[in-house]
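*Asks:* One structure coming up, written as structure tokens, with questions to follow.
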Amino acid sequence: MLAGAPSSHMSSSVSTSQGIFPTSRIGSGESPNSGASSFTQPIADMNENDETDLLSISWNQDYGCFAAGTSHGFRIYNCEPCKETFRRDLKSGGFKIVEMLFRCNILALVGAVANSHYPPNKVLIWDDHQSRCIGEFTFRSDVRGVKLRRDRIVVVLEHKIYVYNFTDLKLLHQIETLANPRGLCCLSHHSNTFVLACPGLHKGHVRVEHFGLNVTKLINAHDSQIACFTLTLDGLLLATASVKGTLIRIFNTMDGSRLQEVRRGVDRAEINSIALSPNVQWLAASSDRGTVHVFSLRVRVSGEDSLTQPNAFQGPALFHQNSSSSLDPLISPNTGANPNSSLSFMRGVLPKYFSSEWSFAQFHLPEYTHFIVAFGSQNSVIIVGMDGSFYRCSFDQVHGGEVVQQEYVRFLKFENRPK
């Protein structure tokens, strides 16, 4: 049955089996119905010697779990403590994209090139409670990214982004972008604000869609191409980095103004991940230089009227003001300050990096490994690497300095191979 049949100019087709979606928590350990699909669920210890390639890693929406796409399927891990909670293995190949929907039974899956049944130009909406695929999107080109909200499915191609309604898979929006091979896109996750950020049509620009307000904001974030960005969970703040990887900038998504700029370093680096803490006091960034940097944020924002009340999983504390669009940056008295150069008093005379805000705390990792970073409970920093490593760390919120490792787990081992 076809849901939302595409018009002739569209490069996608959509199919669905029946009603969407009963929800249950993933990783409950329930066995799938016999013969329901080609997936199997072997019982395995997370510290076994795996003959598996790691293809991707990604957080769920509240950063309490992460998904690993492997050459044989996918696995789901809890973060605190780090523990494999669920896996599915395939005979036909693996998945290069595994997108969770919080901790429920619904996942979006995109096959790897070697996956004979699920090619990389197809998105599967998989319901693990029913142990079957309940929807498919097929495109003429490879899928670069998928993002989920409880009410929307967003599919990222190299030059286009499609936004679908979750309940009936109907196409709602199409957005043209600059070449986007990284599949850059992020969403807000408050129930009553829907904000989407993606590359614009010009180098260094980020397009921000406030769908609930029917407002589009184009932010000229960097002179170079965008490499990485993230939104706060309410979508009111945007943090960006370019392919140079030296500066990270924080913007107000309502009016596009720059609120703060921090410096990762002077040498070029590939920034792989940016994270904002739930209380918006801290920003963390990981790069191929082997250091995770933590920065103190000076911005506080006032959100739209009638925003949902925040909690630990929904986003920052919002300081409501009379204006529904006021997002004035305020000085926060509760965080340490990022260090500046001792020559910062000569601002405007010496090169710009002498007056930059440098990182407040740092954690050192192997170089040239792709790591993603997030904030856990009590401002802990969680780091997951494509080398199969997991770190949970803490930092001194007053004095900063070196981040202290609290937990290390090898969640996926690569025996008899170069590390």
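*Asks:* Tally Lys/Arg at +1 and Asp/Glu at -1 over every other residue whose Cβ is under 13 Å from the Cβ of Tyr63; what's the total? Before the final figure, lay out the partial values.
*Replies:* Working: positive: Arg103, Arg392; negative: Asp62, Glu80.
Within the 13 Å Cβ shell, the charges total 0.
*Asks:* Could you check the spin-label model distance between Ser224 and Thr369? Points 7 Å from the Cα along Cα→Cβ, value in nm.
*Replies:* Each label point is offset 7 Å from its Cα along the Cβ direction, giving 2.4 nm.
*Asks:* Can you list which of the trypsin sites (Lys or Arg not before Pro) found in the stretch 124-169 are DSSP loop residues with at most 16 other C-beta atoms within 10 Å? If you can, show how the numbers build up before the last one.
*Replies:* On the way: sites: Arg132, Arg140, Arg144, Lys147, Arg149, Arg150, Arg152, Lys160; in loops: Arg140, Arg144, Arg149, Arg150.
Sites meeting the loop and neighbour criteria: Arg140, Arg150.
*Asks:* Something else: How charged is the neighbourhood of Trp126? Take every other residue with its Cβ under 11 Å from the Cβ of Trp126, and add Lys/Arg as +1 and Asp/Glu as -1.
*Replies:* Numbers: positive: Arg88, Arg132; negative: Glu99, Asp127, Asp128, Glu136.
So the environment of Trp126 carries a net charge of -2.
*Asks:* Report the label-to-label distance for Val398 and Ser377 in nanometres (one decimal), using points 7 Å from each Cα along the Cα→Cβ vector.
*Replies:* Those two pseudo-labels are separated by 2.4 nm.
*Asks:* Taking a threshold of 27 Å on the Cα-Cα distance, which of the pairs Lys122/Lys244; Lys83/Lys244; Lys160/Lys217; Lys170/Lys203; Lys83/Lys170 fall above it?
*Replies:* Working: Lys122/Lys244 32 Å; Lys83/Lys244 35 Å; Lys160/Lys217 17 Å; Lys170/Lys203 31 Å; Lys83/Lys170 36 Å.
Table pairs above 27 Å Cα-Cα are Lys122/Lys244; Lys83/Lys244; Lys170/Lys203; Lys83/Lys170.
*Asks:* Further question: How many percent of all Cα-Cα pairs in the stretch 113-167 sit more than 15 Å apart? Each step should come with its number before you reach the end.
*Replies:* On the way: 744 of 1485 pairs.
In whole percent, the share of Cα-Cα pairs in the stretch 113-167 beyond 15 Å is 50.
*Asks:* A further question on this structure: How many nm is it between the label spots at Glu407 and Glu51, if each spot is 7 Å from the Cα in line with the beta carbon?
*Replies:* Output for this residue pair reads 3.1 nm.
*Asks:* Classify the stretch 158-259 from the C-alpha gyration tensor, please: rounded if a/c falls under 1.5, else prolate or oblate depending on whether a/b exceeds b/c.
*Replies:* Details: a/c = 2.01, a/b = 1.35, b/c = 1.49.
Because a/c hits 1.5 or more and a/b fails to exceed b/c, the stretch 158-259 counts as oblate.
*Asks:* Which trypsin sites (Lys or Arg not before Pro) in the stretch 210-295 sit in a loop by DSSP (not H, G, I, E or B) and have at most 16 other Cβ atoms within 10 Å of their own Cβ? Before the final figure, lay out the partial values.
*Replies:* Values: sites: Lys217, Lys244, Arg249, Arg258, Arg263, Arg264, Arg268, Arg289; in loops: Lys244, Arg264, Arg268, Arg289.
Of the trypsin sites (Lys or Arg not before Pro), the ones in loops of the stretch 210-295 whose Cβ has at most 16 other Cβ atoms within 10 Å are Arg268.
*Asks:* Follow-up. Can you list residues whose amide H is under 5 Å from Gly145's amide H, if they're 5+ apart or on another chain and H is modeled 1.01 Å from N?
*Replies:* So Gly145 has HN proximity to Val156.
*Asks:* Next question. For the stretch 73-221, what number results from the quotient of the Cα radius of gyration and 2.2 N^0.38 Å?
*Replies:* On the way: Rg = 15.9 Å, N = 149, 2.2 N^0.38 = 14.7 Å.
The value comes to 1.08.
*Asks:* Once you have the Cα-Cα distance between Asp168 and Val215, take 0.36 nm times their residue separation minus that, and quote the gain in nm to one decimal.
*Replies:* Values: separation 47, 0.36 × 47 = 16.92 nm, distance 2.46 nm.
Separation in residues times 0.36 nm, less the Cα-Cα distance, equals 14.5 nm.
*Asks:* How high is the FRET efficiency from Val113 to Asn192, r the C-beta distance, R0 41 Å, rounded to 0.05?
*Replies:* Values: r = 40 Å, r/R0 = 0.96.
Efficiency for this residue pair is about 0.55.
Coordinate-derived values only; no laboratory data. Not measured: the values here are computed from a predicted model. Every residue, glycine as well, gets a Cβ built from its backbone with ideal geometry; the counts of neighbours run over all protein chains shown.
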